[in-house]
């Protein structure tokens, strides 16, 4: 995370534990370069969890529209709260998953996946976002969100890099719907 400047661009300190991220048969190791085509579907996540605990999962891109000019930092791709144990599907989805979609010519973007342990059930006032529109996703800050809901520092995390490929125009069309 520090090698890719996730600390301090996205979070203040390195997560305590690794987050296992798997896209189909692809196991994502921190800092891997993956293609948007490979990450278009929601990943499987695995972390050390208390089965009676509640968690928040976030995927965010601090490099929107580019790492040189991140004027939309951060653009969040996925946000789920009140996850019992590791059962993401049983959590409350605030922002449905959208895969990597870096604009053509903007180079590698960092996609940061984080897990926070919640102090209890949280009641969020954020608008719920579906995956057919990019509206409401830019200028997000997971640091601010975590502070607002008293989440503390992330328990687990991972980051991969991606740049434009032939899938991105399809994703952009989906988001304009």
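A few remarks follow.
- Selection of the stretch 138-177 for residues being in a strand (DSSP E or B) and either surrounded by fewer than 17 Cβ atoms within 10 Å (Cβ to Cβ) or without any contact (Cβ under 8 Å) to a residue 60 or more places away in the chain (or both) yields only 176.
- Among the criteria (1) modelled with pLDDT under 95; (2) surrounded by fewer than 19 Cβ atoms within 10 Å (Cβ to Cβ), the one residue 1 does not fulfil is (2).
- Residues of the stretch 43-81 that turn out to be touching a strand residue (DSSP E or B) at 6+ places or on another chain (Cβ under 7 Å), farther than 20 Å from residue 134 by Cα and part of a loop (DSSP other than H, G, I, E, B), as a count: 4
- Residue in the stretch 20-42 that is under 21 Å from residue 141 (Cβ atoms) and part of a loop (DSSP other than H, G, I, E, B) present: no
- Filter pass, residue 104 being closer than 16 Å to residue 172 by Cα, out of contact with any strand residue (DSSP E or B) (no Cβ under 8 Å at 6 or more places or on another chain) and either in contact (Cβ under 8 Å) with a residue 24 or more places away in the chain or not in a loop (DSSP other than H, G, I, E, B) (or both): yes
- Looking across the stretch 87-101, the residues that are touching a strand residue (DSSP E or B) at 6+ places or on another chain (Cβ under 8 Å) and either more than 20 Å from residue 39 (Cα to Cα) or not in a loop (DSSP other than H, G, I, E, B) (or both) come down to 88, 90, 91, 92, 93, 94, 95.
- Hits in the stretch 117-137 - residues which are more than 12 Å from residue 150 (Cβ to Cβ) and not in a loop (DSSP other than H, G, I, E, B): 129, 133
- Within the stretch 23-53, being surrounded by fewer than 18 Cβ atoms within 10 Å (Cβ to Cβ) and more than 27 Å from residue 70 (Cα to Cα) holds for 24, 25, 26, 27, 44, 46, 48, 50, 51, 52, 53.
The values are calculated or read from the model by the stated rules, or taken from the named source; none is laboratory data. Note that the coordinates shown come from a computational prediction; the quantities given were computed from them, not determined experimentally. Reconstructed Cβ throughout: ideal geometry from the backbone, glycine too, with neighbour counts over all protein chains shown.
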